[in-house]
1. What is the number of the single condition among (1) more than 20 Å from CYS282 (Cβ to Cβ); (2) in contact with a Gly (Cβ under 9 Å, 6 or more places away or on another chain); (3) part of a loop (DSSP other than H, G, I, E, B) that LEU7 does not meet?
2. Out of all the residues in segment 329-358, which are within 16 Å of SER408 (Cα to Cα), outside any helix (DSSP H, G or I) and among the polar types (S, T, N, Q)?
3. Just name the residue that is most open to solvent (accessible area, probe 1.4 Å) out of those in segment 91-106 that are touching a residue at least 24 places away in the same chain (Cβ under 8 Å) and farther than 16 Å from ALA142 by Cα.
4. Out of the residues in segment 49-87 meeting the condition of being of a type in the set (Ser, Thr, Tyr) and within 23 Å of LEU478 (Cβ to Cβ), tell me which one is most open to solvent (accessible area, probe 1.4 Å).
5. Hey, can you tell me all the residues within segment 292-317 that are under 27 Å from the mean Cα position of the chain (by Cα) and either of a type outside the set (Gly, Ala, Ser) or modelled with pLDDT under 95 (or both)?
6. Report those helices (runs of 4 or more DSSP H) wholly inside segment 359-463 carrying at least 1 residues which are surrounded by fewer than 19 Cβ atoms within 10 Å (Cβ to Cβ) and among the aliphatic types (A, V, I, L, M).
7. Report, by residue number, each residue of segment 257-291 that is open to solvent by 30 Å² or more (accessible area, probe 1.4 Å) and either of a type in the set (Asp, Glu) or modelled with pLDDT under 90 (or both).
8. From the list SER143, SER178, SER209, which one is of a type in the set (Ser, Thr, Tyr) and either closer than 20 Å to VAL231 by Cα or modelled with pLDDT of 85 or more (or both)?
Amino acid sequence: MPPFGTLNYIKIGPRGTLEPSGILHTSREDIDELIRYLSDPAQNKLAIHCHGGLVSEESGFATARAMTTVYAAAGAHPVTFIWETGFLETVKDNLNTITQTELFKKLLALALKHAMKALGFTIPGKGPGQPMSLAEIQARLASGAPFEEFDAGARGAGAIRTEVELDEAFPEIREEVSEDVEADLEIDTLLIEEAPETPLFNRGTVAVSETEKAKGVVTSAKLALALAKIVYRITKRYIRKHDHGFYPTVVEEILREFYLADLGQWVWGNMKEKAGQMWLSCDGLAGNAIHGARYFLEQLCDLQRRRDDLVIDLVGHSAGSIVICQMFRAAADANLPIKIRNVIFMAPACSSKLFLQEIVHASGRFERFRMFTMSDAFECKNFLVPLVYTRSLLYLISGALDGADDESVAGLDRFLQTHPPFGDPEQQEIDAFLGVPGGDCLVLSKTPEDAPRGKPCTAERHQDFDENGPMQDSLIFLISQ
C-alpha cells in the first residue's frame, strides 16, 4: 500500500461538494486517481470509513490516518470520508456557557423543585409532600452526578399519576410556579440584564409579543408559564416511561424550551442535512461544485461492474451511520447497483426510523450487518459534560438535539427492549433483525474477555470506538475474511 495520502480520504466541503474549506482538499482528479488505483487487480478489498459528526477537520484527518492502519492490517484499501459538521467542543462550550449563567441555575432549581412535587415522590429526609428548598437543591447540584439517587424514586412516583390527572393538575402547577417566580426578587434583574447576553437564549419564550421580543422585553409571567410547561412535560415523560433519569430529563426540557431551538438545528440538523447533501446528484455540475461522495459512488459502481471481485465494506461511527444510510438511499433512488459485503455500525447516532428504512427494510443491499454499541449502563455513565449533562451524546440527541423528548436512536441500548414503552411494531422489526436478545448482529460493550473473534469491544465512552483496541481487532477480523 502506498504511504498515507489522498488515496486514503475524501474531504467533503461545504454543502456536500468538493469546494475547498480548511486545510485539506479533495479534487475530482483525486477521486479519479483513487478509482484508477482500485482498478488494479491486486486491490480486491475496499474499506470505507465514515467518522462521527461534530468533529473538526483535524480530528477527521487523525481518524482517517489511524483507521488506515487498521484496515490495511485486514488486507483492505482504506478510504475515509472527512466531513466537517460543526464541533462537539462547540456543543460542550455552549452548554457550559449556558449552564454557568445565574438565569439557568435559577431555572434549573425551580424546575427541579416543582418537578419533584409534581411527581409526588417522597424526598429522603423530608416528610410526605415536603419539597426541597432552593438552597438544598443548589447544594445537591454541586455533586458529581446530581440527583442520581432520585431516579428510582421518581420512576416509581411517575407510575402513580395518570395523564388525565396531570392535565387536571396543570393549573395548580402553574399557580405554584408563578408564586415562586414572583417571590424571587432576582428573576426580573436576570431577565433584563443577563438573558439578552446569554448565547442561544430564546427570548421568544419569555416575551409577550414579537415586537417585545425584538426589543428584548421579557416578562417573569411568561417565564413562569414556560417553567410550568417544563414541569408538565417532565412529569408526562415519567408517566409514559420516556424519561432519561431525573436530573438529565429536567436539563433536557429546560434546554429544549429556552435554548436549543437554534443550537439543535444549527448543530444536529445541519449535520444530518450535510450527510444527505454529499450524495446529491452531480448532473449539471462541474469542478469543485460536484458532490464528492456521489461522484465517488458513481465511479465505484462503474468499477464494480467491470470488476465483480472487488469487495466493499462500510464502517460508520456515530453520525457516520447516517452517512451510510443516506448513501444506500441515494444509490436506490438513482438505481446505482453498489454491492456491499459488511455494514458495521459503531454506536450509531442515526434515528431508529432511518435505520429501519435503509438497513432493516433493505437488508438485500449487503451480505452481513453488525452493530457495536454500549450497554445502557455505560451510556448513563458517559457524562457528556460533567455536572451539566450527565448522560452520553446519544442521550442528548434523543432527548433534545433531534427536537423530540425521547427520540428513538438506533445505537441506544435502552430502545432495544421488548417491554413497554419500547415494544412498538417498528422496534419489534428492528429487534428481530438484530436478533435481540443475544443475536449475532448486535454486540454490547463491554464484551466478556472470551467473546468470539469479531465481537470483542470494550469501549466505555461514545468517543472511544475508533480508538478501542479490541474494537479495532474485531474490525480487522471481520474485514479480513
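1. Only one criterion is unmet by LEU7, namely (2).
2. SER351
3. First, the residues of segment 91-106 that are touching a residue at least 24 places away in the same chain (Cβ under 8 Å): 91-92, 94-99, 101-106.
Checking which are farther than 16 Å from ALA142 by Cα leaves us with 91-92, 94-95, 97-98, 103.
Numbers: VAL91: 2, LYS92: 44, ASN94: 28, LEU95: 3, THR97: 66, ILE98: 0, LEU103: 2 Å².
Checked segment 91-106; the qualifying residue most open to solvent (accessible area, probe 1.4 Å) is THR97.
4. Of all residues in segment 49-87, those of a type in the set (Ser, Thr, Tyr) come to 56, 59, 63, 68-69, 71, 80, 85.
Restricting the remaining residues to those that are within 23 Å of LEU478 (Cβ to Cβ) gives 63, 68-69, 71, 80.
Details: THR63: 29, THR68: 7, THR69: 97, TYR71: 1, THR80: 1 Å².
Looking at residues that are of a type in the set (Ser, Thr, Tyr) and within 23 Å of LEU478 (Cβ to Cβ), I get THR69.
5. The first filter runs over segment 292-317 and keeps only residues under 27 Å from the mean Cα position of the chain (by Cα), leaving 292-294, 296-297, 312-317.
Listed by number, the residues that qualify are ARG294, PHE296, LEU297, ILE312, ASP313, LEU314, VAL315, HIS317.
6. Working: elements: 376-381, 393-396, 425-434.
Answer list for segment 359-463: 376-381, 425-434.
7. Here is the first cut: in segment 257-291, the residues open to solvent by 30 Å² or more (accessible area, probe 1.4 Å) are 257, 261-262, 265-266, 270, 272-273, 277, 280-281, 283-289.
Residues satisfying the conditions are GLU257, ALA261, ASP262, GLN265, TRP266, ASN270, LYS272, GLU273, ASP283.
8. Values: SER143 fails: either closer than 20 Å to VAL231 by Cα or modelled with pLDDT of 85 or more (or both); SER209 fails: either closer than 20 Å to VAL231 by Cα or modelled with pLDDT of 85 or more (or both).
Checking each option against the conditions leaves just SER178.
The values are calculated or read from the model by the stated rules, or taken from the named source; none is laboratory data. Note that the structure is a prediction, hence the values are computed from the model and not measured. Neighbour counts run over all protein chains shown; Cβ positions are idealised from the backbone, glycine included. Side chains are part of the model used for accessible areas, which takes the heavy atoms of the whole protein and leaves out ligands, DNA and RNA. Shrake-Rupley method; radii C 1.70, N 1.55, O 1.52, S 1.80 Å.
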